[in-house]
C-alpha cells in the first residue's frame, strides 16, 4: 500500500493541463509510475471523482485505456447541449450500456418577472410567485421601444445606475453593498427584473452562509464568493447569454426534442434503472446541484435568475404555495410539470427496465400537484401504471398541497383513499420517501391550526403491502406521536433505515424529545422492531429558518434509542437540538 500512496499524492489532476501532467510523469523521478499495470491504475483512479478521471484520461492513450470513465447517469432538459450529449452517449456502443440513471432538469428559464394571472371564469388566482414565462423576446422589445416614449412599468426599465442602497451587514461589513454597486452591476444594459434577480443572488449566498452559522469555517469561501461577484460577467454579458438560452429553450420545446431524446434513451440504455425528475438542478447561485453539460458550459461568474420549474415559493414562506385542482387549471399551468408528465407517460407506454422513480424537490417548497390523486386524470393513470410494474423497488414522491380553504379541504387528497390505493400497488417496494410542501401554511417551527386533525398515516401508507421495504422516509408532514409510532411498529422486519424530518406534532406537549422517549420505551418493551435495529435519522430545520438548512442527527439518535445515550433534543418547552450532537447540512450546497 505504501507503494501506491506516492502516485496518489500526484492526483487529482483536474486543475492541471494534461500536457503538463504528462511532462511531470515522464520527466520526474516518479516517471516509473507511468508504467504501472493497468489494474493498479484502475484501482488508483477509483478514489478520484469523475471530473478528475476525465482529466487523467486525457494525459495519454495508456491512461485512456487503463482508467475507466465511470459514466452511470446522463442529464436531460429543454436545452440543445444537454440533448446533444445525451444522444451522443446513447449512440456510443460502450458508454450506453453503463447508464443506469437519467436525471431530468425540469426547471426552465423564465422569460420575465413574476406576474399575477387571474382566471375569473374558473375562480382561480395564480399568485405573484407563479413565475411567468409568457414574455417573448419580440413582445419585450416592443414594450421597450414603447417605453422610450411612454415611460415603462418599473420592472421593464433598462437602467444604468440604480442605487441599491448601503445596508451594513453585521457579519460581512459592506461586502454586499460593494458587490451590488460594482461595475458589473451598475451602468449595465439589461432589464431591471433580470438585474434585480442577479443582485439578489449575490446577497443570497452571503445570507445563507450567515444563517447556516458557517462564517468562521467558511471564511475563505466568503472571500472567493466576494471575488467571484466582482469578477463575474457584467450584467450585459449575462443578459446576452440568458437570451440565447431562452431562444434555444424555445426551439427545443417547439420541436419536443427533449421528449424525443428521452424516448430514444429508453431504447438505447439497457441498464437504465432509475429516472430522477427535479426542479432543483440549478441549486443556489454559483453552486448547482447537478452539473449537467449545459451548466458546465456556463462561463465562470455567469449570473442569472435561478429557475425552479415546478410552482414554488419565492419568499421561502409556505403561504405562497397554493395547489389548484388539476382538472381546472389550464395547459400552461400543467406544463410546469413537463418532465414529470413526459416521463410517466413514456414509462407507462414504452418497454423499459426502469424500477426506480425519484421526484425530487430537495427541500424546496414544491412538489407534484397532489390533486392528480383526487379525480381521474391521465397523469394519475400513467403514474399508477409505472408503480404497478413487477419489480418496481423505489419511489421518492414529493407532493405539494395547500391553499386558502380550511384544513379539512386541504387534506382531501389524503382522506379519500385514492393515494393509498395507488401506493398499495407497489408490492415489491424496497425504498420509499414521502415529502410534502404546503402543510396548510404550517412550518415545523410554527404551531398547526387549531382545526388540524391529521389523517391517520395508515390511511395513506399501505405498509402491509410493502413486505420487502428496507428504507422509509417521511418529511414535512403533520402527525400525531401515537400514530407515527404505530406506523413504525408495523413496518416489516426487512427495514434497515428510517429517516424522519421537519415533522409537525399536533399532540399537546409533543416534540422530538418526547417522541424519542416513546420510541425508546417501545423498543425496550419489544413492541417495536424486536430482533433488529434500524438506523434512525432525524432532520430538524427549526434552528435555521432557511430553505435547505437543517441539523441532522443519526449517531446521537441511535445511541439514545439502543445504547442508553442522552436525548439529542432538549425537554419541552425548549424544542431545539443540542447542537453539539448534530451535523449542520445545506441541501443546496455541494461543499457542505
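The values are calculated or read from the model by the stated rules, or taken from the named source; none is laboratory data. Here the structure is a predicted model, which is why all the values come from computation and not from measurement. With ideal geometry, Cβ positions are generated from the backbone for all residues, glycine too; neighbour counts draw on all protein chains shown.
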Matching residues, the stretch 555-576, being at pLDDT 80 or above, closer than 13 Å to residue 515 by Cβ and either out of contact with any strand residue (DSSP E or B) (no Cβ under 9 Å at 6 or more places or on another chain) or not in a loop (DSSP other than H, G, I, E, B) (or both)
557, 560, 561, 567, 569, 571
Go through the stretch 91-115 and count every residue that is touching a strand residue (DSSP E or B) at 6+ places or on another chain (Cβ under 8 Å) and under 13 Å from residue 272 (Cβ atoms).
6
If we scan the stretch 310-319, do we find a residue that is surrounded by fewer than 18 Cβ atoms within 10 Å (Cβ to Cβ) and in a helix (DSSP H, G or I)?
yes
Members of the stretch 507-551 that are part of a loop (DSSP other than H, G, I, E, B), within 28 Å of the chain's Cα centre (by Cα) and at pLDDT below 90:
511, 541, 542, 543, 544, 545, 546, 547, 548
Could you tell me whether any residue of the stretch 248-256 is crowded, with 20+ Cβ neighbours inside 10 Å and either in contact with a strand residue (DSSP E or B) (Cβ under 8 Å, 6 or more places away or on another chain) or without any contact (Cβ under 8 Å) to a residue 60 or more places away in the chain (or both)?
no
Going residue by residue through the stretch 291-300, is there one that turns out to be more than 21 Å from the chain's Cα centre (by Cα), farther than 13 Å from residue 339 by Cβ and assigned by TED's automatic domain parsing to the domain that holds residue 341?
yes
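Give the stretch 221-276 a look and list any residue that's in a loop (DSSP other than H, G, I, E, B) and at pLDDT 95 or above, or say none.
Across the stretch 221-276, the qualifying residues are 256, 269, 270, 271, 272, 273.
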Failed criterion for residue 346 (all others in (1) outside any loop (DSSP other than H, G, I, E, B); (2) crowded, with 20+ Cβ neighbours inside 10 Å hold):
(2)
